[in-house]
Amino acid sequence: MPENPTPLTPSAASATDAAQLLATARERAQAAGLDYAGCLYPQEAWSLLAANVARLVDVRTVEERKFVGHVPGSLHVAWQSGTALLRNPRFLRELENKAGGKDSVIVLLCRSGKRSAAAAEAATRAGFSQVFNVLEGFEGDLDEQNRRGDVGGWRHHRLPWQQD
């Protein structure tokens, strides 16, 4: 993937800016041969959310959201659940109901961007037309000590989040 771009400030995210962000995200997905609409860096996703262009859906487990933190106002539809991380058989139905339908602009977020990519693929196969994955996820990639939080991710970029 290309280097993480400088984000638009939320107040500057106009309709034109949002359309450009979505176009760039689509180009990234196409260049990478992905089966879903596109890939957004955390700052880009925040710009779209702040402009009310997209709905953010957190696909992590209930426990991750509670103990690690979550984005205020985000929707929650677990892709997997429990300690065994079993796939949620109701995921697609819940996603459609909570996110406003299969044609809504939906941005999926997980810990690192991997589960949300799998969820985006499944949603696209089920007929969702505008599903985007947040690259880097909420916590980012592992660092040299196999810890998350210092190498990318929503929290690392100091975007809004809270913890219960």
- Does any residue in segment 146-164 that is touching a residue at least 60 places away in the same chain (Cβ under 8 Å) and under 20 Å from residue 62 (Cβ atoms) come within less than 8 Å, Cβ to Cβ, of a residue that is surrounded by 11 or more Cβ atoms within 10 Å (Cβ to Cβ) and polar (S, T, N, Q) six or more places away or on a different chain, and which pairs are these? 153/112
- Among the residues of segment 18-51, write down those that are acidic (Asp, Glu) and surrounded by fewer than 20 Cβ atoms within 10 Å (Cβ to Cβ). 27, 35
- Task: Under 6 Å between Cβ atoms, at least 6 apart or on separate chains: pull out the pairs that start in segment 17-28 with a residue that is within 20 Å of residue 120 (Cα to Cα) and modelled with pLDDT of 95 or more and end on any residue that is of a type in the set (Asp, Glu) and part of a helix (DSSP H, G or I).
- Result: 21/44
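Looking at residue 94, is it of a type in the set (Asp, Glu) and over 25 Å from residue 15 (Cβ atoms)?
Working: of a type in the set (Asp, Glu): yes; over 25 Å from residue 15 (Cβ atoms): yes.
Spelling it out, residue 94 is indeed of a type in the set (Asp, Glu) and over 25 Å from residue 15 (Cβ atoms).
The values are calculated or read from the model by the stated rules, or taken from the named source; none is laboratory data. In this text, all values refer to a predicted model and were calculated from it rather than measured experimentally. Backbone-built Cβ (ideal geometry, glycine too); neighbour counts: all protein chains shown.
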